[in-house]
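Written out below as C-alpha cells is the structure these notes cover.
The values are calculated or read from the model by the stated rules, or taken from the named source; none is laboratory data. Just so we're clear, the structure is a prediction, and the values are computed from it rather than from any experiment. Neighbour counts run over all protein chains shown; Cβ positions are idealised from the backbone, glycine included. Areas reflect the complete protein model, heavy atoms only, side chains present, ligands, DNA and RNA absent. Shrake-Rupley method; radii C 1.70, N 1.55, O 1.52, S 1.80 Å.
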Amino acid sequence: MQRPALFIAVCIVIGILMGHRVDVSPVHFALGATAAIATGCAVYRTRGNDTFALRYCMALGLVFAGAFWYAVQVRIVPANDIRRFCDQRQRHVLTGTIVRSPDARDRFTLVTVDVDAISLAGTGRTSRESRTRSGSGGMASAAGGTPATGRKAPATGCLQVRLTSGIEPGRYGDRILVSGRLRSPQPARNPGGFDARTYYASRGVHALMSVRDEAGYRVTRRNTSFTWQTGVIDPLRNSIDRSIDRTMRGDSAALLKGILLGERRQLPEDLLDTFRTIGLAHILAVSGLHVGLITLVIHTLLFVLRLPRNIVVAGTLGILVLYAFITNLTPSVIRATIMAALFLAGRQLDRQTDTVNILAVAAIVILLIWPSALFDLSFQLSFLATYAIITGYPRMKELLPERISRSEKWWARWLRDGLLVSVAAQLGALPVVAGTFYQVSWMSAVANLFIGPLVFLNTTFGVLTALTGPLAIEIARLFSAANTLVLFAMIHLSKAFSGAPSALVEVPAPSTLFFASFYGAALLLLWKPGGPRGRRTRQGLLALCLLLFCYNLVPDRSLRITVLDVGQGDAIFIACPNGRTLLVDGGARSPFFDAGARVIVPFMRAKGYRRVDTIIVTHPDLDHYGGLRAVVESVEVGEVLSSGVGSDSRSYQAWREAIDRRGIPYRTVVKGDTLAALGGVRGLFLHPDPLFLTGTARTNTNEVSVVLRLTFGAFSMLLTGDIEEKGEAATVRRPSSLKSTVLKSPHHGSRTSSGTAFLNAVDPEAVAVSAGRFNNFGHPSPEVIERYSRQGAEVFRTDEGGAVMIRSSGRSWDMAYFAPPEPLGPTPGQVMDGFLLTGKSPRSIFR
Amino acid sequence: MIPKAIFTHMLRTVGQTALDMVYPPCCVLCKVRIFDERSAVCDGCGSGLLSIDAPYCERCAQPLGTPVASCPACRGRTFYFEGAFSAFEFNRPLQDLIHLLKYRNRPGIGRFLGSLLAKRVEQEPGIPHITGVLPVPLHPLRRRERGYNQSACIARGISDVTGIPVLENVLGRGRNTPTQTSLSPEARMANVSGVFEVARADAVCGATVALVDDIFTTGATIDSCARALLQAGAGRVFALTVARA
C-alpha cells in the first residue's frame, strides 16, 4: 500500500460517520469488528499476505472499530452524567474543577468545569434566603456536603458556566461550587440554525449554565500545586501578551495577538469583518499556517545559531508543543503540530516522509483521542484545506503551460504558487464553508498573494518580540516597530481589498448530493490512472459526478412548506413550485430573541431563498409579526397582506414603519380573496369575513386571524393563525371548503381552539403544532393533542422536533421533523444488560 | 513466560510495522512504495544508475571508450593513491541521490550507495584485499551541522556488504575549507593540501586501506588524504568513490 495511514484514516472516518448515523448499541459494532478481524485472520492463514480479501476484511474491521470507538465515547452516557440533569425545573448545586483557563469576554466569562458532584438545590428563593441569613457564605451549607434539600452524589461531565462579568471566575485548577439550572446545548432546530450540541460536544462540553449573581458561583479552593497549565503555559502566554502590550498599541497590537495567539477579543469588530469579507479570517485563528511559519522561524533561528541538528530538531519540537498549548490546542493546531513533529522526526530517523500519509497519521491520532472532532469545523477545514493543497497544488501546476510551471523567477513563483495554493485550499474547503456560513469570498486567493507574505513577516517579528521581550524590552521594541509598519500595511491592504464589489457571495447550503459530487469529482481529477482501462473508468465516473452536479441545479418543482420553530409563535415559510415564496407570520421579537434575525433569515440563507414575495400577517400579536421587522430589513419583500386589524402597541407601529420606509405595498385581504400565480398552488382566504370584522369579535384579535387554505393537486393545507371558538365557528359555516390534508394547529394547540366541529370539517391527516419549548402557556394542551389523535391525525410539534417540513408534489406529500427528538444514550451497564437480555439496545428506557 | 529473545523480536516487529505505517518506505527519487528495507530507490530509478565498466582508467577511475595507454583525464598527474575505482557515472539520478545525501539529511542513502559500491568492488580483480575503509573526514563544525559524515555512511555501507571494518576517527580534518564545488582544478588542490592529518597512525601502519568518498572529480581531496596516510606509514592506499564526475 502506498499510504497505509491514509487507508486507516479513511476507514476510521467512515466508521465514525457510521457510528454517528447508525443508532445501535456499541456492542454490535464491537461484534462487527471482531467478526471482520477474525475473518481477516482466517484469510491471512489460508491465502497469505496482500490479497484483496485480506484488505477488505481489514477495512471492514477498522470501520467497525471506528464506529465502536465513537459510539462508546458519544452514545453511552454514564448514569450520573450531568446530561441527565439538564433542562429540568430544579436548580442543582455542582462542584468541580476548572479545566480550562477562564475565557473572559466583554460582558461575561466562560468557565469550563469538570464536575465531580451534584446535589439538588432548593428553589431559587431558598438559596437567596440562605444568603441573606449567612451573608456572603450563602452556599456554605451546600459546600459542606449535605445541602438541606438534597443528597450529594458523584457526577461526571463537563459543564460550561457563563458568568456575568464582575464575578471572580477563579483560575485553572481551582475548585468551584456553582448552582443554577442546567441546560443542554440544543441541536439546530431549524435549517440554517446553529447546532450548539455538536459544537459543544466537539469541545467536550455537555451542559451549560448561566450565573448572574455572586451567590451562584464560588471558588472553594485555590489551586496551589504546580500544573502544566498554570506553571508553564499561562505564564508563557502572559509573557507574550505583555511583550506585545509593552511594545505596541491599538489595532496593531490587537491584530498581532490575533495572528500570533489567535486571540480575537481585543480585535475591533470592523477589522474582523474586513478579514471575513476578503476570506482571510483564518489568519486570525491560529491554524496550520501559523504552526508552519513558527516551525520555519524557530528552525531557521536555531539553525543560524549553528547548533547541532539534534538540538535544532528537539528545540523546534519543544517550542511547537508549547505553542500548541498556548493557543489552546485547537484541532488545526494539533494537526499541524503532529505533522511538523513527524516531519522533523522522519528526517532524524532518516525516513522518507510522505505528506499525505503524515496528514493521515495526524487525523488518526486526533480521532482516536477525540472521535467527535470529526464534526468540529476547525478539524474539517484544516484537513480538507491541507489535503487539497498537498494533492491539488502539484496537480494544478501540471496543468499550467510548461513555461509558467517551470519558471524559477521569484515573481513567477510568488504569483503561481501563491495563487495555486490558495485556490487549492479554497476549493477543498468550499462546500464546508458554504454549508457553515452560507457565503463564500472569491477575493481570498488574490488577497492572499499580498497578505500572505505580510503574515510571514508578522509572525517572524512577533516571535522575535516574544523571545526578546522578557530579556531586553528595548530590542523587542525594535522588532515591534518594524512589525507595526507591516501590520499597518496589512490593515490598509485588507481594507482596500474588502472594498471590492460583492467580495462575499451568498450561497445556499450545499446538499448532500452536492457534497458527494463535488468531492467525488475532485478526487477523480486528482487521480492519475495508469492504464487505458483506468482512464475510461475515470472518465465515466467524472461524467456521473457532472450529471449529479447538474441534477443539483434542477429547480425543485414541489411545494415546500416549513413550519419554523421560532419558540412560542408562528412562522411558516412556503416555497411554491414556480419559485415564489410566502411567509405566513414571523415569530416574536424581544430584547433577548428576534425570531426574524435568528431563525427566519438564517433559514432563508441556508436554503438560498433571497426574496419573500408575500408576507401574510395573520393578526397583530407580537409572536406573529415581531420577527418580520428583521425580515423586511434584511431581505427583499414583495408585498405584505393582513386582515387590516392593527394594534396600538409601539412594536406594531415600528413594524408598520419598517414596511413604509421600504416602500413595501401593504394590502388587506378578506374572506374570498385568492392568491394567484403560485405555480399550480391556489390560495384561498377563508377568514375573516368583512361582516365578522365589524362584529363584536374585534375585542379579541386572535379571532380575526387570517385563515388561508393552500391547495396543490390532491394536497391541501389549512393555515389558521390563532383563531379560537368564534373564528372556527365562522369558518365552519361552509365545511366543504375546509377539508385539508394538513392543518396548522390554531392558536398553538390551545384548549380554546380546535373544537370538534372544526376538526370534523377539516378532517386533517396530519397536524403541525407550532409552540415553544417549555412555553409558559402550556401550549399545546394535552386535551387538544388527544382530540387530534382521535381524529386520526398524526401530530408534529415544533417544540418536540424543531421545524416541521412538509413537501408535496401535488400527488403525494410527506412531512418530517428537522430535528427529530432524541433520547439520551444508555449507561454502560445498560448496554451490556440490554444486549444480553434482549439483543437490542435499551435506549427506549430513556424517553 | 515468553523468552526474552522472542519478546524483543516481537517488540521490534511491532515498532518496525508502526514506523512503516507512518513512514512507508518508498523510492527517494520517484516516491513509489518499495518493500526492500535496504534499498533507497525503486527498480526503475535504480536502473537509471550507469555503472562504469571496463575499460576505465585504473589510476583515476575515468571511464574510457576504448582501451588506451594513457588516460586523458589524469595524463601528467601523479597521485599518492595507488588506484581508484568508481561505481557509477555522475548522471542525473545519482546527482539527485548525492544531493539528498549531503544536503537533505538522508544518511541512509549513503549506506545504500556504499553497499552498491561494495558489490561492484568485490567483482573487480584490480583491487587487492583491503583491511580497512577510511571515510574522507568532514571538519567537526560541518559534521555537527550536518549531523553525520556522508562518506562515513558510504563506508558503513561497504562494511555491511564486505565485512571490512570502518576505520573512523583515524583521519582528521584540521582546517574548515570552503567547498570544492565552485573551484577550478588548481584551486581545489591548493584548497585541500595539508588539510588532513592522521590521528591514529597505529591503525593504518603498513596496512592496505581504501579511502571512501562520494564523488571523484579531480581527485584532489582524496589525494591529500592519501598523502597524509602514506606519511603516517600506511602500506597501500586505494580510492573508492560512488561517482566519477
In Å, the Kirkwood hydrodynamic radius of chain A over pairs of distinct alpha carbons?
-> 30.7 Å
Accessible area (Å², per residue) of the protein assembly as shown, counting only protein heavy atoms and a probe of 1.4 Å | 47 Å²
10 Å binning of all Cα-Cα separations within the stretch A:359-461, expressed as whole percents from 0 upward = 14, 36, 34, 15, 2
May I ask for the accessible area buried between chains B and A, both sides summed, probe 1.4 Å, to the nearest 100 Å²?
-> 2200 Å²
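Taking every residue in A:44-53, how many Cβ atoms of other protein chains lie within 10 Å of its Cβ, on average?
Details: counts 0, 0, 0, 0, 0, 0, 1, 0, 0, 0.
Counting other chains' Cβ atoms within 10 Å and averaging over A:44-53 gives 0.
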Chain-alone versus full-assembly comparison, the stretch A:308-333, residues with accessible loss of at least 40 Å² (1.4 Å probe) = A:P308, A:R309
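If you take each beta carbon of peptide A:340-348 and count the beta carbons of other chains within 10 angstrom, what is the mean? Intermediate values should be presented prior to the final figure.
Values: counts 0, 0, 2, 0, 1, 3, 4, 4, 2.
Going residue by residue through A:340-348 and averaging, the value is 2.
Could you work out the relative contact order of chain A? I mean the mean sequence separation of Cα pairs under 8 Å and 6+ apart, divided by the number of residues, in percent. Present the calculation step by step, with values, prior to reporting the outcome.
Numbers: 1585 pairs, mean separation 80.2, N = 847.
Worked out over chain A, it gives 9 percent.
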How large is the charge dipole for the stretch B:49-244, taken about the Cα centre, if only the Cβ atoms of Lys, Arg (+1) and Asp, Glu (-1) carry charge, to the nearest 20 debye?
-> 540 debye
Using only the alpha carbon atoms of the stretch A:414-540, find the Kirkwood hydrodynamic radius as the inverse mean reciprocal pair distance, in angstroms to one decimal.
-> 18.0 Å
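Could you size up the charge dipole of the protein assembly as shown around its Cα centre, putting +1 on the beta carbon of Lys and Arg and -1 on that of Asp and Glu, and report it in debye to the nearest 20? Write down the numbers at each step before the final one.
Details: 119 positive and 82 negative charges, 176 e Å.
With Lys and Arg at +1 and Asp and Glu at -1, about 840 debye.
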In whole angstrom, the spacing between the Cα centers of the stretch A:423-502 and the stretch A:284-319 equals 20 Å
So what's the gap between the Cα centers of the stretch A:701-719 and the stretch A:76-116, to the nearest angstrom?
-> 45 Å
Using 7 Å Cα-to-Cβ label points, what is the A:Y44/A:S736 separation (nm, one decimal)?
-> 7.8 nm
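Mind listing which chymotrypsin sites (Phe, Trp or Tyr not before Pro) in the stretch A:536-595 are in a DSSP loop and have 14 or fewer other Cβ atoms within 10 Å?
Numbers: sites: A:F549, A:Y551, A:F573, A:F592, A:F593; in loops: A:F592, A:F593.
Loop-located and lightly packed - A:F592.
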Sketch the reach of a paramagnetic label on B:Q95 as a point 7 Å from Cα along Cα-to-Cβ, and name the residues of the stretch A:396-422 whose backbone nitrogen lies under 18 Å away.
-> A:406-408
What number, rounded to the nearest 500 deg cm²/dmol, is the helix-based mean residue ellipticity at 222 nm of chain A, given -39500 (n - 2.57) per DSSP H run of at least four residues and division by all its residues?
-> -15000 deg cm²/dmol
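One quarter of the convex hull surface, Cα atoms only: what value does that give for the stretch B:1-47 in nm²?
Working: hull surface 15.0 nm².
Average of the hull's projected areas for the stretch B:1-47 equals 3.8 nm².
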Quickly work out the A:F343-to-B:N176 label distance, labels modelled 7 Å from Cα along the C-beta direction, and quote it in nm with one decimal.
-> 2.7 nm
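Counting other Cβ atoms within 10 Å of each Cβ, which trypsin sites (Lys or Arg not before Pro) in the stretch A:184-270 have at most 11 and sit in a DSSP loop?
Numbers: sites: A:R189, A:R197, A:R203, A:R212, A:R218, A:R221, A:R222, A:R237, A:R242, A:R246, A:R249, A:K257, A:R264, A:R265; in loops: A:R189, A:R203, A:R212, A:R222, A:R249, A:R264, A:R265.
Here the sparse-neighbourhood loop sites are A:R222, A:R265.
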At a probe radius of 1.4 Å, what is the per-residue accessible area of A:K739, in Å² to the nearest 10?
-> 90 Å²
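Carbon and sulfur: what percent of the stretch A:228-348's accessible surface (1.4 Å probe)?
Working: 3030 of 4870 Å².
Whole-percent figure for carbon plus sulfur exposure: 62.
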Would you be so kind as to list the residues of the stretch B:11-38 that have their accessible area lowered by at least 50 Å² in the full protein complex compared with their chain by itself (1.4 Å probe)?
-> B:M21, B:V22, B:Y23, B:P24, B:R33
Checked against the positive end of the charge dipole of chain A (+1 on Cβ of Lys and Arg, -1 on Cβ of Asp and Glu, about the Cα centre), the farthest of A:V432, A:L686, A:L344 is A:L344
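Can you give the Kirkwood hydrodynamic radius for the stretch B:159-242, in Å, rounded to one decimal and based on Cα pairs? Kindly include the intermediate steps, with their values, before the conclusion.
Values: mean 1/r = 0.0743 Å⁻¹.
Answer for the stretch B:159-242: a Kirkwood hydrodynamic radius of 13.5 Å.
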In whole Å, largest first, the alpha carbons of the stretch A:643-717 cover along the principal axes 43, 34, 16
Applying the Karplus parametrisation 6.51 cos²θ - 1.76 cosθ + 1.60 with θ = phi - 60° to the phi angles of the stretch A:444-452, what ³J(HN,Hα) value in whole Hz is obtained for each residue in order, glycine and proline being reported as x?
-> 4, 4, 6, 4, 4, 4, 9, 6, x
May I ask you to evaluate 6.51 cos²θ - 1.76 cosθ + 1.60, the Karplus curve with θ = phi - 60°, for each residue of the stretch B:168-177 and list the ³J(HN,Hα) values in order in whole Hz, giving x for glycine and proline?
-> 8, 6, 7, 8, x, 10, x, 10, 8, 9
Computed from every Cα-Cα pair in the stretch B:49-244, P(r) in 5 Å bins starting at 0 and rounded to whole percents is 1, 8, 17, 22, 23, 18, 9, 2, 0
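With the alpha-carbon atoms as the only input, what is the per residue convex hull volume for the stretch A:691-788 in Å³?
Details: hull volume 9.4 nm³, N = 98.
Taking only Cα atoms, the stretch A:691-788 has a hull volume of 96 Å³ per residue.
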